[in-house]
Amino acid sequence: MMSIRTLLASLAAWMGICACPVWSQRGGPAGYGNAPLAADEAEAKILQVAEQTERYLNVPLEDGRLIRILTEAIGARQALEIGTSTGYSGLWFALALRKTGGKLTTLEYDKGRAETARKNFRAAGVDSIVTVIEGDAHETVTRLKGPFDIVFIDADKPGYADYLRKVLPLVRPGGLILAHNISRREQNPEYMDLVLNNPNLETMKVNAEMAVTLKKR
Ligand SMILES: C[S@@+](CC[C@H](N)C(=O)[O-])C[C@H]1O[C@@H](n2cnc3c(N)ncnc32)[C@H](O)[C@@H]1O
């Protein structure tokens, strides 16, 4: 005999409605190309802001997911992003960092985009764990102390080698450095050579645009 609950769930499934808490409906249907299902209301709020944010050169969804997975998997407490834009990738960091008890520092030189990012972090309820630092990241990064568990480089492409040289001493052994748009080799010619020819680093391209580097222990 079918219980009322099972009956309602079957009916909901037949009608294409999710018979689960309201927040988990917000991510859209499950599936690799869609936003992930939210585990709780706080996560749903972040995903909703991410989905609605004004976009400016932000990473695609799949790279956002990767950022979240790596950050949460290594239990990162201190994350650094170079190139905030409107805060989209920062929101993916935040999904992980609210679980690990960590914080994100993110660097951006465009005032308007920095302001939009701050607005998005507030709307997503993660402003207490994200600090946006305005200014030229080639300079602002030198003021940071570290150690960082994970660094994401996604600003001016010709600057990647300089960013790497400056952040490498700040990354803890066992920490990760992610770099975006590595397919644009003509714009950041040195970067991949530097990470691939350093015996203290282990690097792989995880998809067309993202390289992940481990600073060996
Ligand atoms: C590709 S977008 C970042 C996208 C963001 N990581 C995301 O996925 O949501 C690059 C950003 O880096 C910023 N940028 C470029 N050169 C910079 C510099 N020297 N210092 C700080 N920010 C810079 C740009 O203003 C732009 O907003």
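The values are calculated or read from the model by the stated rules, or taken from the named source; none is laboratory data. Bear in mind that the values here come from a model prediction, so they are computed numbers and not experimental data. Note that each Cβ is placed from the backbone with ideal geometry, even for glycine, and that neighbours are counted across all protein chains shown.
Please go through region 122-141 and give me each residue that is away from the ligand (no atom under 12 Å from the Cβ) and without any contact (Cβ under 8 Å) to a residue 40 or more places away in the chain, ordered by number.
Residues satisfying the conditions are ARG122, ASP127, SER128, ILE129, THR131.
Which one is modelled with the highest pLDDT, of the residues in region 52-94 that are more than 8 Å from the ligand (Cβ to nearest atom), assigned to a helix (DSSP H, G or I) and of a type in the set (S, T, N, Q)?
Taking the candidates together, the pick is THR71.
On the basis of being charged (D, E, K, R), surrounded by fewer than 22 Cβ atoms within 10 Å (Cβ to Cβ), outside any loop (DSSP other than H, G, I, E, B) and at pLDDT below 75, does ARG98 make the cut?
Spelling it out, it is not the case that ARG98 is charged (D, E, K, R), surrounded by fewer than 22 Cβ atoms within 10 Å (Cβ to Cβ), outside any loop (DSSP other than H, G, I, E, B) and at pLDDT below 75.
Can you name the strands (runs of 3 or more DSSP E) wholly within region 124-217 that have at least 1 residues being buried (at least 23 other Cβ atoms within 10 Å of the Cβ)?
Of the strands (runs of 3 or more DSSP E) lying wholly inside region 124-217, those with at least 1 residues that are buried (at least 23 other Cβ atoms within 10 Å of the Cβ) span 130-134, 148-153, 171-179, 211-215.
Just one of the numbered conditions (1) aliphatic (A, V, I, L, M); (2) under 23 Å from ILE74 (Cβ atoms); (3) within 12 Å of the ligand (Cβ to nearest atom) is not true of LEU97; which one?
(3)
Scan LEU70, LEU57 and give me the residue that is out of contact with any Leu (no Cβ under 9 Å at 6 or more places or on another chain) and either of a type in the set (Ser, Thr, Tyr) or assigned by TED's automatic domain parsing to the domain that holds LEU164 (or both).
LEU57 is the lone residue from the list that is out of contact with any Leu (no Cβ under 9 Å at 6 or more places or on another chain) and either of a type in the set (Ser, Thr, Tyr) or assigned by TED's automatic domain parsing to the domain that holds LEU164 (or both).
Scan region 46-60 for residues that are among the aliphatic types (A, V, I, L, M) and closer than 17 Å to GLU81 by Cβ and jot them down.
ILE46, VAL49, ALA50, LEU57, VAL59
Quick check on ALA117: is it surrounded by 22 or more Cβ atoms within 10 Å (Cβ to Cβ) and part of a loop (DSSP other than H, G, I, E, B)?
It is false that ALA117 is surrounded by 22 or more Cβ atoms within 10 Å (Cβ to Cβ) and part of a loop (DSSP other than H, G, I, E, B).
Pairs please, first residue from region 163-185 and touching a residue at least 40 places away in the same chain (Cβ under 8 Å), second anywhere and among the acidic types (Asp, Glu), Cβ atoms under 7 Å, 6+ apart in sequence or on different chains.
ARG172/ASP149; GLY175/ASP149; HIS180/ASP63; HIS180/ASP154; HIS180/GLU209
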